[in-house]
Amino acid sequence: MAIATVNEMSVYIHIPFCKSICTYCDFCKVLYNKEWVVAYLKKLKDEITDRYMGENIKTIYIGGGTPSSLSLKELEYLLNLTNMFHKENLQEFTFECNIEDINTEMLDILVKYGVNRLSIGIESFNEENLILMKRNCSYKDTLEKLNLIRSKGINNINLDLIYALPGETLKILKQDLKLFLKLPIDHISTYSLMILDNTFLGYKRIESSPEDIDAKMYDYICKKLKKAGFIHYEVSNFAKKGFESKHNLVYWHNLEYYGFGCGASGYIAGVRYDNTRSLSNYLKGEFKSSDELVSKERMMEYELILGLRKMAGINLQDFFQKYHVNMQNVFPIKPLLKSGELIIQDGNLKISPDKIYVMNEILLKLV
Amino acid sequence: MQEKNIRNFSIIAHIDHGKSTLADRILELTGAVSKREMKEQLLDSMDIERERGITIKLNTVKLKYQYQNKEYILNLIDTPGHVDFSYEVSRSLAACEGAILIVDAAQGIEAQTLANLYLAMAQDLKIIPVINKIDLPNADIPKVTKELHDILGFKEEEIILCSGKTGEGVKELLDAIVERIPAPQVNLDKPTRALIYDSYFDSYKGVVLLIKVVDGKIKIKDKIKMLATNKVFEVTELGVKTPKEELLNTLESGEVGFLAGAIKDISSVHVGDTITVLDNPATEPLAGYAKMKPMVYSGIYPVEASKYDLLKEALNKLKLNDASLTFESVTSEALGFGFHTGFLGLLHSEIITTRLEREFNLDIVVTSPTVVYNAYLTDGSMVVVDNPSKMPDREKILKIEEPFIYTNIIAPASYVGSIMELCQNKRGLYKTIDYINDTRVNIHYEIPLSEVVYDFYDKLKSRTNGYASFDYELIGYKESDLVKMDILLNGEKVDALSLIIHKDFAYNKGKYITEKLKKVIPRQMFQVSIQAAIGSKIIARENISAMRKNVLAKCYGGDITRKRKLLEAQKEGKKRMKMVGRVEVPAEAFLSILGSDE
């Protein structure tokens, strides 16, 4: 595990615009509006100018919202902002997009600015699931677009998959997964549908899928992806060897990162901060909404709750080097090793793989 | 002060017959509070009293009233209306010479009207019958007048018609108080004796006593002695409530008021005790009043073991102005150290537990209430069982007796069938029905107390659309075919969930409890079995499947602080759970043996 060094950082940039709003989404987003986008990108430039301290940037992630909802001109402006960073050692540059937005011109711009990884929200190919989520995509179109992406030299592709939608059966999931695995992809992020307040489904008081079905689907996904050659490296993330998301691992390694844009969060110089979720405040230049100075104890707590999300767990030696204290002396680990809920393997402390889906219960005994 | 110008009185009524509203009007008319200061139901000072519209604690106010150009002091001593609190009623009545009996003009006589009236008559109080709420469109004054005459023997001309809402008749009532209620007997020359009829704890003044001076007088700086505990204190403060506090230098024979004396030790004060003055002490205590025995018992345990001492302190403070509350320390295998607590009834228990939670900010586990059983053993001895875990083994028991009550259920005659059915379901033995008039009856049953402590009153209300009223008296012990039922979690008996039940009801109850626990206990990391057993025989079983999911699926840059806060919230939730073996059980589960699927 790499230890944070001051001159190597990661960057997240949030683009809060979408062409249509999915029924389950509680992220920071608004419907695309040209005037706002132009103003927004200008403010984004201001925020980067204000905050960026000149470190080498090793990963960039542009997420949303839907970053691919921007016009080509706006997109070029946005990507041009990333030239403000020292990108000499850039290892991974991810751009989130919707499959229907992808075309040759757009890909050419992405490649020009160094984007080398695409994360695409497919979620499902099942018609009923798509209607419920108010999304749209076909297997055939997806396959064509993925081939186009690869032909442009972007060979690191993630697809998102959502399961356990209300009424979804294991049979539907199996069909979905079968189609996903026929596609030329390297990474899958998969989430059971959470019905949150302040979403369309939340307002409609739609009930979540029962716990037992949800867990059964998760088990199936883990088993099936493993068989297909994917490594289960985080609670919800699976990758072909070498294709683990370097940017997301920054979060789970508890390392620092910049967050730019409306609704973004960051962790800089020992402070975790949240930007405003209000677009109008952001456009007025009021970027930050709250921050938390992280004490050493809190930092170790974050290390624990984030690190145990990784199937490989937390390297005990690294923990000692970072905090100068043995992890066993900070958290009551012993009884959980005894009960088999935690295990130590190759110098790493991790959650027993069969308990990963109830990991909060284990964390509650530790913090 | 001229003693004959004092009148000490209470107001007694069935719940909801408008006692507190009428008291408010009296306060207004005597100028004790101005309209501007008027808060609805001024006498009910506890939040819980205003919320539930009931009076629990006594309050006393001193009022001034001009009658025929003379000033009179009227001491209004408030009383609770609920059946659980008849003990409190008798305490307040002990400080009075008269009582106003309120009957609702639309409802007529109800069960607690009778119960409270009998208490007042037992103390030889002068009763002023009042028909209240005469402004109601459905008021039936002739009918209620006839009831008061036929059932209670009042003369028509004695009855005062009144409306707490409009104030009509309130002046006539105040005149009647002066005219009819005798002044307290004044014995200024005798050695001082004062009755403690209530007390409460004030963090600045210490224990504050509410007293009625019967003989002699008490002055500031007097050394006083408690006759029962022999403890001596110096009087630092005397006064009355008007309802604001008004400080005085003396309280004399015939007067009521409060007394403070830097009394820090709660145990040195017993409500019902007599105070005398050390200079010229009396030796004979005043006649107290029958101490009420607790009718039901529950275990109260702190969720966190370290809060045991705080819980003890809180119970001591509550006991100070609630002499009917009893408690002793107890250990449960499942729940650790706690208190075996005696209550007058279920409402009383609810109020105490709510006050512990709200006023003392304690997280507590309350076990289901149980009555006191007598178990007669084959060796000729008898065991008092006030906690199911004390029940001896079945093979040693010759017979078990349980307390029975005799009911007054007053209701419209059209509900007789439904009420009788309810009473039969509760193992009631039919005795008789009295006709109050053509349309209303008083139904008498003998019912085991254990069957009425929980939901009998609620069921009665729902079966009669709220028209029935209920009161009871304890008539003694009778033999019943009872068994002890245990509840097991993952094969381990949970002593705090054991209960004693009639054999014929055991199967249904076992099924009900296991199903209910399945709903109340959250999933754990492992499967949990819930069993109901009589002796070694399992009569019902449910399983709670192991937890399958508790994870935040998405955790990226923006979710991290939220994730930590979510865990904090979950941890807070767990704090309210009690570990029983390896199983986390929420506090409310321990009350789940209440109720039935009827």
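The values are calculated or read from the model by the stated rules, or taken from the named source; none is laboratory data. Owing to the predicted nature of the structure, the values given are computational and were not obtained by experimental measurement. Positions of Cβ are backbone-derived with ideal geometry, glycine not excepted, and every protein chain shown enters the neighbour counts.
Couple of notes before you dig in:
- Selection count where residues are at pLDDT 90 or above and more than 7 Å from chain A (Cβ to nearest Cβ), scope the stretch B:560-570: 4
- Taken together, the residues in the stretch B:503-533 that are touching a Pro at 6+ places or on another chain (Cβ under 8 Å) and part of a strand (DSSP E or B) amount to 0.
- Identity of the residue in the stretch B:491-512, of a type in the set (A, V, I, L, M, F, W, C) and under 16 Å from B:K537 (Cα atoms), that ends up nearest to the other protein chains (Cβ to nearest Cβ): B:V494
- Here the condition is being part of a loop (DSSP other than H, G, I, E, B), of a type outside the set (D, E), in contact (Cβ under 8 Å) with a residue 40 or more places away in the chain and farther than 30 Å from B:Q68 by Cβ; of B:K165, B:K225, B:K190, it holds for B:K190 alone.
- Residue count for the stretch B:110-119 satisfying the condition of being more than 18 Å from the chain's Cα centre (by Cα) and over 18 Å from B:S10 (Cβ atoms): 0.
- Criterion: surrounded by 15 or more Cβ atoms within 10 Å (Cβ to Cβ), at pLDDT 95 or above and either in contact with a His (Cβ under 6 Å, 6 or more places away or on another chain) or not assigned by TED's automatic domain parsing to the domain that holds A:E55 (or both) - qualifying residue of A:E256, A:E234: A:E256
- Applying the criterion of being outside any strand (DSSP E or B) and touching a residue at least 12 places away in the same chain (Cβ under 8 Å) to the residues of the stretch B:571-590, the residue that is farthest from the other protein chains (Cβ to nearest Cβ) is B:F590.
- Selected residue [within 12 Å of the chain's Cα centre (by Cα) and of a type in the set (A, V, I, L, M)] from B:L320, B:L311, B:L347: B:L347
- Condition broken by B:I447, with the remaining ones in (1) part of a strand (DSSP E or B); (2) farther than 27 Å from B:G299 by Cα; (3) β-branched (V, I, T); (4) touching a Lys or Arg at 6+ places or on another chain (Cβ under 7 Å) satisfied: (2)
- Failed item in (1) charged (D, E, K, R); (2) under 30 Å from B:A540 (Cα atoms); (3) out of contact with any Leu (no Cβ under 8 Å at 6 or more places or on another chain), with B:K396 passing the rest: (3)
- Residue check, A:L44 part of a helix (DSSP H, G or I), crowded, with 22+ Cβ neighbours inside 10 Å and not basic (K, R): yes
- Once the stretch A:324-348 is narrowed to residues that are in contact with a helix residue (DSSP H, G or I) (Cβ under 6 Å, 6 or more places away or on another chain) and under 17 Å from A:Y302 (Cβ atoms), the residue that is farthest from the other protein chains (Cβ to nearest Cβ) is A:M327.
- Screening the stretch A:184-299 for strands (runs of 3 or more DSSP E) wholly inside it with 3 or more residues that are facing chain B (nearest Cβ under 10 Å) returns the ranges A:187-192, A:257-260, A:265-268, A:271-275, A:288-293.
- Near pairs, Cβ below 6 angstrom, 6+ apart or cross-chain, from the stretch A:351-367 (at the interface with another protein chain (Cβ under 7 Å from one of its Cβ atoms)) to any residue that is among the aliphatic types (A, V, I, L, M) and assigned to a helix (DSSP H, G or I): A:Y357/A:A215; A:L363/A:I305; A:L363/B:L567
- Those helices (runs of 4 or more DSSP H) of the stretch A:308-367 in which 2 or more residues are more than 18 Å from A:N254 (Cα to Cα) occupy A:327-330, A:334-338, A:359-366.
- Every condition in (1) crowded, with 20+ Cβ neighbours inside 10 Å; (2) within 14 Å of chain A (Cβ to nearest Cβ) is met by B:F526 except one, and the failing one is (1).
- Of all residues in the stretch B:109-128, those being surrounded by fewer than 24 Cβ atoms within 10 Å (Cβ to Cβ), over 20 Å from B:L286 (Cα atoms) and in contact (Cβ under 8 Å) with a residue 24 or more places away in the chain number 7.
- Residue within the stretch B:273-290 that is without any contact (Cβ under 8 Å) to a residue 60 or more places away in the chain and either within 26 Å of the chain's Cα centre (by Cα) or part of a helix (DSSP H, G or I) (or both) present: yes
- Within the stretch A:90-116, the set of residues being assigned to a strand (DSSP E or B) and either under 25 Å from A:Y24 (Cα atoms) or of a type in the set (A, V, I, L, M) (or both) comprises A:T94, A:F95, A:E96, A:C97.
- Only listed residue being at pLDDT 95 or above and of a type outside the set (G, A, S), chosen from A:E35, A:E88, A:E76: A:E76
- Residue within the stretch B:244-251 that is buried (at least 21 other Cβ atoms within 10 Å of the Cβ) and under 15 Å from B:V208 (Cα atoms) present: yes
- Note on the stretch A:303-318: residues that are surrounded by fewer than 18 Cβ atoms within 10 Å (Cβ to Cβ) and within 12 Å of another protein chain (Cβ to nearest Cβ) amount to 0.
- Selection of strands (runs of 3 or more DSSP E) fully inside the stretch B:326-439 by the criterion of at least 3 residues being among the aromatic types (F, W, Y) returns B:336-343.
- When the stretch B:544-569 is filtered for residues that are under 17 Å from B:A589 (Cβ atoms) and under 38 Å from the mean Cα position of the chain (by Cα), only B:I544 remains.
- Under the condition of being within 37 Å of the chain's Cα centre (by Cα) and within 14 Å of chain A (Cβ to nearest Cβ), the residues counted in the stretch B:529-543 number 0.
- Residue in the stretch B:445-499 that is farthest from B:F404 (Cα to Cα), counting only those that are among the basic types (K, R) and under 21 Å from the mean Cα position of the chain (by Cα): B:K461
- Residue match in the stretch A:50-69 (condition: in a strand (DSSP E or B) and basic (K, R)): yes
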